[in-house]
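Asks: The structure's right below; bear with me while I get my questions together.
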Amino acid sequence: MILLGRLLVGALLLLFGRKLFWFFVAAIGFAAGMVVATDVLGIQQEGVAIIIGLVFGLVGALLATFLQSLAIGVAGFLGGAYILGAVAAALDLGQGQTIWIVYLVGGILGVILMAQFFDIAVIILSSLAGASLIVEALGMSRPAGILAIVVLFIFGVVAQMDRKRLRRK
């Protein structure tokens with residue numbers, strides 16, 4: 001059930017991250033909550049980690065709905081931190097205390113991207129997050145996983161950009 005949920009959330013982010021901005025923020029909040037629960041707080045019980053992730057996701061969805069500018073900054077930070085953390089994990093970089101630096105740098109880059117290039121930043125971040133979630137859910141090994149993330153990322157960006165162009169016409 002959790003595998004199917006991750007695949008579904010990953011696919012929705014990959015294909016509709018910009019259109020469903022509140023969902024993007026909620027999904028990133030959930031992923032960040034799970035990371036905080038398991039990696040930062042060291043919680044081993046999956047149910048407790050899921051509850052913490054759901055709380056983060058709910059807060060993200062509420063922020064995206066009622067305080068969009070704050071949500072944009074939070075989503076950029078959490079999205080950038082999650083994505084750079086996933087890349088670091090895939091490359092076996094940033095373990096122990098250094099993972100905080102990776103998350104911080106990713107978060108700062110995410111905020112800068114979101115502030116300067118909102119539409120394209122949401123498309124890029126949601127495509128990367130969706131691709132990462134799908135590959136992570138499938139448990140793919142490093143070489144195939146990295147290739148799959150790149151291919152899925154490109155597919156997600158193209159799909160969302162085409163949808164955006166069609167909407168403008």
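Asks: Hey, among 105, 122, which residue is part of a helix (DSSP H, G or I) and without any contact (Cβ under 8 Å) to a residue 40 or more places away in the chain?
Replies: When all the criteria are applied, what remains is 105.
Asks: Within region 15-46, count every residue that is within 11 Å of the chain's Cα centre (by Cα) and modelled with pLDDT of 90 or more.
Replies: So the answer is 0.
Asks: If you don't mind, there's one more thing I want to ask. Among 86, 49, 81, 71, which is the only one that is without any contact (Cβ under 8 Å) to a residue 24 or more places away in the chain and under 18 Å from the mean Cα position of the chain (by Cα)?
Replies: 49
Residue by residue, here is whether (1) touching a Gly at 6+ places or on another chain (Cβ under 6 Å); (2) of a type outside the set (Phe, Trp, Tyr) holds:
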site	(1), (2)
63	no, yes
66	no, no
75	no, yes
80	yes, yes
84	yes, yes
93	no, yes
97	no, yes
107	yes, yes
121	no, yes
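The values are calculated or read from the model by the stated rules, or taken from the named source; none is laboratory data. Everything quoted here is computed from the prediction, not taken from an experiment. Here the Cβ is made from the backbone with ideal geometry for all residues, glycine too, and neighbour counts use every protein chain on show.
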